1. Take the stretch 102-123 and flag every residue that is in a helix (DSSP H, G or I) and at pLDDT below 80.
2. What about residue 406, is it surrounded by 21 or more Cβ atoms within 10 Å (Cβ to Cβ) and either on the phi < 0 side of the Ramachandran plot or among the basic types (Lys, Arg) (or both)?
3. Within the stretch 304-322, take every residue that is in a helix (DSSP H, G or I) and out of contact with any helix residue (DSSP H, G or I) (no Cβ under 6 Å at 6 or more places or on another chain) and give me the one that is nearest to residue 138 (Cα to Cα).
4. Can you tell me which of 68, 59 is at pLDDT below 85, more than 30 Å from residue 264 (Cα to Cα), surrounded by fewer than 23 Cβ atoms within 10 Å (Cβ to Cβ) and among the hydrophobic types (A, V, I, L, M, F, W, C)?
5. Any idea which of (1) within 25 Å of residue 112 (Cβ to Cβ); (2) touching a helix residue (DSSP H, G or I) at 6+ places or on another chain (Cβ under 8 Å); (3) assigned to a helix (DSSP H, G or I); (4) aliphatic (A, V, I, L, M) is the one residue 255 doesn't satisfy?
6. Filtering the stretch 214-256 down to residues that are among the hydroxyl-bearing types (Ser, Thr, Tyr) and over 24 Å from residue 172 (Cβ atoms), which residue is modelled with the lowest pLDDT?
7. Taking the stretch 328-354, which residues are more than 19 Å from residue 365 (Cα to Cα), more than 21 Å from the chain's Cα centre (by Cα) and either assigned to a helix (DSSP H, G or I) or modelled with pLDDT under 75 (or both)?
8. Run residue 457 past the list (1) closer than 30 Å to residue 396 by Cβ; (2) more than 28 Å from the chain's Cα centre (by Cα); (3) surrounded by fewer than 16 Cβ atoms within 10 Å (Cβ to Cβ); (4) at pLDDT 75 or above and report the number of the one that doesn't hold.
Amino acid sequence: MATSGNTQIGRFMLLSMAVAAIFNIRNVVNSNIAIGMVAVPSFLFATVTFFIPYVLIIAEFVSLNKEAKSGIYQWIRSSMGDKWAFVGAYCYWFVNLFYFTSVLPNILVYASYAWLGREVQISPLATVLSSIMLFAFATWVSTKGAAWVARVTSIGSSLVLVMAFAFVALSLGDWIGGVTPATPVTVSAMTPTFSWAFMGAMAWILFAAGGAESVGVFLNDVRGGARTFVRTIVFAGLLIGALYSVSALVLNLYVPASKLSYSSGVFQVFGALGAHHQVSPLLLNRLVGAVMLIGSFGTLMVWTAAPVKALFSEIPKGIFGERAIALNRHDMPERAAWIQFCVVVPLLVIPAVGSSNVNQLLNVVINMTAATALLPPLIIMAAYFHLRLRLDHLPRDFRMGSRRVGLAVTSVLLAVFGVAFIAAIFPADQNLLLTLGYNVGGVVLFLGWALWKYRQYERSLLTSEPLPQPRARASAGARHSS
């Protein structure tokens, strides 16, 4: 993290980074399928009540830990100590495991559209086997050092963003020009029904609006300091919320939400738009497929390598074995990467056993991805609540309002996130055995293992002389958990 004397990020660059990191047209399609046009106000609600306050929380943590380079680990450690810092960093890796289960099948769909111009119908089992081979290749590449992947990711994400903006602009222009929406736009259609299914779908909305932690770390790199950062990121949040909401609104211009599928929804809406403008469906499918494939494949490569390296380089030495964290000549923990592969394989297989088709499989894994993605923000918000409650005297340049305001805002966030997390873990209309074994069992198993592992580490500290110190230095006043 740069110091204030080396600030090189301007307002426009920060704004661009925020939009590119958070907005994804596929999230709009998935949310529309889940709750229809209710997604329109839901995205705005998520922006105002979650994204903006969450970014301000991250900004305050960055301001408190100016010299820290370890991100989420140091933020949580400065408030709640080493134990919960480890759990928070571990959760970021743990969440990524379920992200793989949703992105890998989609890459196969994108590849079929890019190559053939249509979706090849294959069974959930064939999808899983193909996903395993694809992930094995991604893991192998990540262990060899993949600096070139950053360029692929940058190009892919830029193309996806341009494509999304073009879709919104053309669809909005058609609507203004007189096209009647396939789904009537009414107040009743956009009014939420506060059911258990809706609260579970809100986890998808919150997941779509996530990514603030990736932007908040640049607070000290922005020209103009905290004030410029806050103003720019608030504007970015409103822009992203508006973009998500408008996208959700025009998504149903030519294709009703009831006709969309998780696997091909993006191609359905682009295809309908292209047909209206007399663009060859085959050409458009291949173009959209190629763009989505490049973007998703580059992202897969980066996220196959980055979380593993971050987890094993950030936490204190001694928690994992020396062989597991050993770096190869490309500066990558190769064994840890293959351990990650072995963990992801059953996560791909289990939901496929209880799914009759690819769309049902994607429904399960997308829901679980959204649910687990709420865990790291929950821990960060709990750490912030503790900071304002017990350690508000610690010096920092930026604060999200007074102590009372900070506590009140965080309390609301924790309540909303808590309900959405539980509703997503126990989704409506999902097989109970699959829910208990995959959703509940997965969270309990992974978090339980992490807590047990840290307990083992604590016991090793008590029996060793002298006591080994964690790598990162705690902020002044930090209270360490036992």
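The values are calculated or read from the model by the stated rules, or taken from the named source; none is laboratory data. In this text, all values refer to a predicted model and were calculated from it rather than measured experimentally. Ideal geometry is used to build each Cβ from the backbone, glycine not excepted, and the neighbour counts take in all protein chains shown.
1. Listed by number, the list holds a single entry, 102.
2. Spelling it out, residue 406 is indeed surrounded by 21 or more Cβ atoms within 10 Å (Cβ to Cβ) and either on the phi < 0 side of the Ramachandran plot or among the basic types (Lys, Arg) (or both).
3. 306
4. It is 68.
5. (3)
6. My answer is 214.
7. 330, 331, 334, 335, 336, 338, 339
8. (3)
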